[in-house]
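> Handing you a structure now.
The values are calculated or read from the model by the stated rules, or taken from the named source; none is laboratory data. For clarity, every value in this text was computed on a predicted model and none was experimentally measured. In this analysis, Cβ positions are derived from the backbone assuming ideal geometry, glycine residues included, and neighbour counts consider all displayed protein chains. All accessible areas refer to the heavy atoms of the entire protein, side chains included, with ligands and DNA or RNA removed. Shrake-Rupley method; radii C 1.70, N 1.55, O 1.52, S 1.80 Å.
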Amino acid sequence: MSDIGDWFRSIPAITRYWFAATVAVPLVGKLGLISPAYLFLWPEAFLYRFQIWRPITATFYFPVGPGTGFLYLVNLYFLYHYSTRLETGAFDGRPADYLFMLLFNWICIVLLMIPLIMSVLYVWAQLNRDMIVSFWFGTRFKACYLPWVILGFNYIIGGSVINELIGNLVGHLYFFLMFRYPMDLGGRNFLSTPQFLYRWLPSRRGGVSGFGVPPASMRRAADQNGGGGRHNWGQGFRLGDQ
């Protein structure tokens, strides 16, 4: 048991709580301690009966059964693996920024479990797009293709791609607004982490300080202004170098 405890404590904080809730909530429903009907997000119950827990439990709940157990375990693995990589990689030392990404995706996704996991996987894949990843049966390809390979894989084992497609689209929306548009295309920053999250989860020194080299137009503007812009992204690292 101590080995399991050590492994669990080694998971980064935000991923650890998310993983634990995604195990606990379906288990509570499966054991019948709480009716699964109280775990789904029914708009009428939330808006008119003031059952305010519904948006939260709907995010963590998965109807585990004879035909869905394997799909649940696959997505649980994706949650643990790619959320851990993202939290300890691009967002290392910046828990407030990572939590803001999850909250943004959570709201856009309408509070569902699988799309939220896929949105995190999509962001990781884009930040490491040139990394070679391995999939089933020894297949190897660039990380940027991974979300779409998983979409096809889940279609084969689950019969639907709606959740995965929504997750990929929301992950792309976050990645475009937070990274690609302001940094590669020289546009304005539409997304920024609220200050109260920084007060609650302060950044620590020693984390990753940047997401790459900004475009030449932005660098020239920063030089002319004496480096007085709102953000200083720094040298950072090339996407895909790990």
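> Can you give me the number of residues within the range 145-166 that are more than 21 Å from residue 131 (Cα to Cα) and in contact with a Leu (Cβ under 9 Å, 6 or more places away or on another chain)? Reasoning before the result, please.
Taking the range 145-166 first, the residues more than 21 Å from residue 131 (Cα to Cα) are 154-166.
Going one step further and asking which of them are in contact with a Leu (Cβ under 9 Å, 6 or more places away or on another chain), we end up with 154, 157-158, 161, 163-166.
The qualifying residues number 8.
> Applying the selection to the range 122-141, what residues are open to solvent by less than 10 Å² (accessible area, probe 1.4 Å) and in a helix (DSSP H, G or I)?
123, 124, 125, 127
> Still on this model: Please work out if residue 117 is open to solvent by 10 Å² or more (accessible area, probe 1.4 Å), within 26 Å of residue 60 (Cβ to Cβ) and assigned to a helix (DSSP H, G or I).
No; evaluated as a whole, the condition is false for this residue.
> Take the range 183-203 and flag every residue that is open to solvent by less than 70 Å² (accessible area, probe 1.4 Å), out of contact with any helix residue (DSSP H, G or I) (no Cβ under 6 Å at 6 or more places or on another chain) and touching a residue at least 12 places away in the same chain (Cβ under 8 Å).
183, 194, 203 - these are the residues of the range 183-203 that are open to solvent by less than 70 Å² (accessible area, probe 1.4 Å), out of contact with any helix residue (DSSP H, G or I) (no Cβ under 6 Å at 6 or more places or on another chain) and touching a residue at least 12 places away in the same chain (Cβ under 8 Å).
> So residue 156 clears everything in (1) among the hydrophobic types (A, V, I, L, M, F, W, C); (2) modelled with pLDDT of 90 or more; (3) more than 20 Å from the chain's Cα centre (by Cα) except one condition, right? Which one?
(2)
> Report, by residue number, each residue of the range 156-179 that is assigned to a helix (DSSP H, G or I) and out of contact with any helix residue (DSSP H, G or I) (no Cβ under 8 Å at 6 or more places or on another chain).
Those that are assigned to a helix (DSSP H, G or I) and out of contact with any helix residue (DSSP H, G or I) (no Cβ under 8 Å at 6 or more places or on another chain): 156, 162, 169, 176, 177.
> Could you check the range 68-104 and list, in sequence order, the residues that are hydroxyl-bearing (Ser, Thr, Tyr) and more than 16 Å from residue 175 (Cα to Cα)?
Those that are hydroxyl-bearing (Ser, Thr, Tyr) and more than 16 Å from residue 175 (Cα to Cα): 68, 72, 77, 80, 84, 88.
> Residues being part of a helix (DSSP H, G or I) and open to solvent by 60 Å² or more (accessible area, probe 1.4 Å): count how many of those fall in the range 142-155.
Number satisfying all stated conditions: 3.
> Cβ-Cβ distance below 7 Å, separation of 6 or more or different chains: which pairs start in the range 50-61 with a residue that is outside any helix (DSSP H, G or I) and end on one that is hydroxyl-bearing (Ser, Thr, Tyr)?
none
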